1. Restricting the first residue to segment 4-25 and requiring it to be within 18 Å of H100 (Cα to Cα) and without any contact (Cβ under 8 Å) to a residue 12 or more places away in the chain, which pairs with a second residue that is hydrophobic (A, V, I, L, M, F, W, C) and part of a loop (DSSP other than H, G, I, E, B) meet a Cβ separation below 8 Å and a spacing of at least six or different chains?
2. Tally the residues that are surrounded by 11 or more Cβ atoms within 10 Å (Cβ to Cβ), hydrophobic (A, V, I, L, M, F, W, C) and over 18 Å from V12 (Cβ atoms), restricting the search to segment 81-99.
3. How many residues, within segment 4-22, are of a type in the set (A, V, I, L, M), in a helix (DSSP H, G or I) and more than 12 Å from the chain's Cα centre (by Cα)?
4. If you go through segment 54-70, how many residues are among the hydrophobic types (A, V, I, L, M, F, W, C) and within 16 Å of V30 (Cβ to Cβ)?
5. Name the pairs: first residue in segment 53-69 and on the phi > 0 side of the Ramachandran plot and acidic (D, E), second residue modelled with pLDDT of 95 or more and crowded, with 18+ Cβ neighbours inside 10 Å, Cβ to Cβ under 9 Å, at least 6 apart or on different chains?
6. Hey, among L102, L78, which residue is surrounded by 15 or more Cβ atoms within 10 Å (Cβ to Cβ) and at pLDDT 95 or above?
7. Restricting attention to segment 70-93, which residues are of a type in the set (D, E) and either closer than 30 Å to S22 by Cα or in contact (Cβ under 8 Å) with a residue 60 or more places away in the chain (or both)?
8. Filter segment 56-90 for residues that are of a type outside the set (D, E) and assigned to a strand (DSSP E or B) and give the result.
Amino acid sequence: MENVPPEQWPLVLVNVHRAVRSGGVMYLTVEEAREEKIDQAYESLSARGLPVVRGETVEGDVAGYHYYPGREQVIQWLAGEGLTVIDEGFKWEDGWGYRHFLLR
């Protein structure tokens, strides 16, 4: 999901949710970056006059466009689609955070 821009998250979740069998579960991983990286990317892209949303980045070692919405935003989008978090985990690996959701 890190390559999905913020305006597309609700539509992607609708389609993924629709693909899950009724009563089935879905596993979703959302990549996270440290707040300093997100702030730096936002400031850099904004300073160049680009239409950026906080959490978007195209610079550094991200290999292209990435969007890091943060846990609270993800929870809002999931709830908006009627998905319930059954379990959640988080782990930092090599400078990146990986938040794992088990959803119904």
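The values are calculated or read from the model by the stated rules, or taken from the named source; none is laboratory data. Bear in mind that the values here come from a model prediction, so they are computed numbers and not experimental data. A quick note on method: Cβ atoms are made from the backbone with ideal geometry, for glycine too, and the neighbour counts reach across all protein chains shown.
1. So the pair list comes out as V12/M1; V12/V4.
2. Of the residues in that region, 3 qualify.
3. Filtering segment 4-22 for residues of a type in the set (A, V, I, L, M) gives 4, 11-14, 16, 19-20.
After this cut, where a residue has to be in a helix (DSSP H, G or I) as well, the list is 11-14, 16, 19.
Those left that are additionally more than 12 Å from the chain's Cα centre (by Cα): 11, 14, 16, 19.
Number of matching residues: 4.
4. Keep residues of segment 54-70 that are among the hydrophobic types (A, V, I, L, M, F, W, C), which gives 58, 62-63.
Of the ones still in play, those that are also within 16 Å of V30 (Cβ to Cβ) are 62.
Residues that pass the stated criteria total 1.
5. Partner pairs satisfying both residue conditions: none exist.
6. On the way: L102 fails: surrounded by 15 or more Cβ atoms within 10 Å (Cβ to Cβ).
Testing whether each residue is surrounded by 15 or more Cβ atoms within 10 Å (Cβ to Cβ) and at pLDDT 95 or above leaves just L78.
7. Here is the first cut: in segment 70-93, the ones of a type in the set (D, E) are 72, 81, 87-88, 93.
Within segment 70-93, E72, E81, D87, E88 qualify.
8. Taking segment 56-90 and keeping what is of a type outside the set (D, E), we get 57-58, 60, 62-71, 73-80, 82-86, 89-90.
Matches in segment 56-90: T57, H66, Y67, V85, I86, G89, F90.
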